[in-house]
1. Can you list the DSSP H helices in the chain whose Cα atoms extend at least 20 Å along the helix axis and whose mean Kyte-Doolittle hydropathy is 0.0 or higher?
2. Order of 33-45, 195-207 by packing, highest average Cβ count within 10 Å first?
3. Given a 1.4 Å probe, how much area per residue of the chain is accessible, in Å²?
4. Using the Cβ atoms and a cut-off under 12 Å, what net charge is assigned to the surroundings of residue 40, where Lys and Arg are +1 and Asp and Glu are -1?
5. Pop out the ³J(HN,Hα) list for segment 20-32 in order, Karplus 6.51 cos²θ - 1.76 cosθ + 1.60 with θ = phi - 60°, rounded to Hz; leave Gly and Pro as x.
6. Enumerate the amide H contacts of residue 224 below 5 Å, restricted to partners 5 or more residues apart or on another chain; note that Pro and chain-start residues carry no placed amide H.
7. At 1.4 Å probe size, with the rest of the protein present, what percent of the exposed accessible area of segment 1-78 is carbon and sulfur atoms?
8. Convert each backbone phi in segment 56-63 into a coupling constant with the Karplus relation 6.51 cos²θ - 1.76 cosθ + 1.60 (shift: θ = phi - 60°), then list the ³J(HN,Hα) values in order as whole Hz, x for Gly and Pro.
Amino acid sequence: MKIIRTGIPGLDGLFAHGGYPEGNSILVVGGPGSGKSIFGMQYLYSGATEYEENGVYITFEEPPEKIKKNMKAFGWDLDALEEEEKLIIMDAVDYIVRDDIDTDTLKEGLDVDNLVANLEEAVSAMNAQRLVIDSLAVMNLYARDEFEKRRKLLKLSHHMSSKDVTSIIITEAKSSNIGISEFPLETYMFDGMITLRLDPESQLRKISVRKMRGTKHVVGSFKFSINSGGIELSA
Ligand SMILES: Nc1ncnc2c1ncn2[C@@H]1O[C@H](COP(=O)(O)OP(=O)(O)O)[C@@H](O)[C@H]1O
Ligand SMILES: [Mg+2]
């Protein structure tokens with residue numbers, strides 16, 4: 001079994017073989033400001049700079065320029081990686097807010113097919129091994145109904161898995177107190193689930209691996225910090 005490194009110092013050590021099993025799709029859940037986007041970009045940045053694994057990032061919430069600017073704080077030069085064709089940041093924000101797209105069509109969910117097709121094309125053109133979707137909560141707004149949403153997600157995750165792409169799918173938690181019951185659908189559909197939260201009592205950031213198909217992992221809550229190098233689990 002091939003293992004994909006998480007890129008997060010301290011996180012690989014929670015998995016028996018030192019990372020995610022290749023081809024897994026992993027749901028990353030957290031409240032606003034919990035570090036989900038940083039977690040996703042750090043996964044791609046380290047893949048491109050340390051493991052020769054290319055990445056695709058699709059953003060539905062923040063425009064690519066804003067993400068690039070924010071990530072500069074960690075010393076990550078994403079423009080350079082794009083120029084070297086090791087990373088592509090796909091702009092779904094622009095796609096969604098553009099005035100020339102008929103909003104009725106979007107509500108009908110027809111364009112989700114296009115989005116998925118574009119995503120698959122980009123992964124193939126980039127020869128990418130890593131994919132991040134930020135975020136599912138927003139992408140789902142454009143699906144016609146629950147059935148449609150499940151079908152498309154399953155299709156996408158099977159496609160990525162068949163191409164040996166290891167995916168991080170970000171979604172928003174409704175509360176900082178994250179339980180599996182809050183995500184019945186998503187939890188069963190994905191191979192893995194990781195939660196990021198801010199503990200209301202201690203005001204400490206905590207990360208947990210709730211599920212990871214194909215590997216043994218440590219169960220528990222671990223302190224982490226966001227510092228000048230990005231996300232890091234505390235020793
Ligand atoms: N340069 C930085 N140094 C330390 N912490 C940062 C830095 N930039 C952002 N943060 C922290 O990360 C949070 C945003 O992370 P982000 O991944 O965008 O959150 P999410 O995607 O979960 O909403 C901020 O609220 C802040 O607490
Ligand atoms: Mg975010």
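The values are calculated or read from the model by the stated rules, or taken from the named source; none is laboratory data. None of these values were measured; they are calculated from a predicted model. Every residue, glycine among them, receives a Cβ derived from its backbone with ideal geometry; neighbour counts consider all protein chains shown. Side chains included, ligands, DNA and RNA excluded: accessible areas come from the protein's heavy atoms. Shrake-Rupley method; radii C 1.70, N 1.55, O 1.52, S 1.80 Å.
1. Numbers: long enough: 36-50 (21 Å, -0.12); 110-126 (25 Å, 0.56); 146-162 (24 Å, -1.20).
In the chain, the long hydrophobic H runs are 110-126.
2. Numbers: 33-45: 23.9, 195-207: 16.0.
Most protected by this proxy first, the peptides run 33-45, 195-207.
3. Values: 10950 Å² over 235 residues.
Ligands and nucleic acids excluded, the figure is 47 Å² per residue.
4. On the way: positive: 36, 130; negative: 61, 62, 134.
Result for the local shell: -1.
5. Running phi through 6.51 cos²θ - 1.76 cosθ + 1.60 with θ = phi - 60° gives 7, x, 4, x, 6, 10, 10, 7, 10, 10, x, x, x Hz.
6. Residues meeting the criterion, in which the H sits 1.01 Å from N, are 205, 206, 207, 234.
7. 48 percent
8. Calculated HN-Hα couplings, in order: 10, 10, 10, 10, 9, 10, 10, x Hz.
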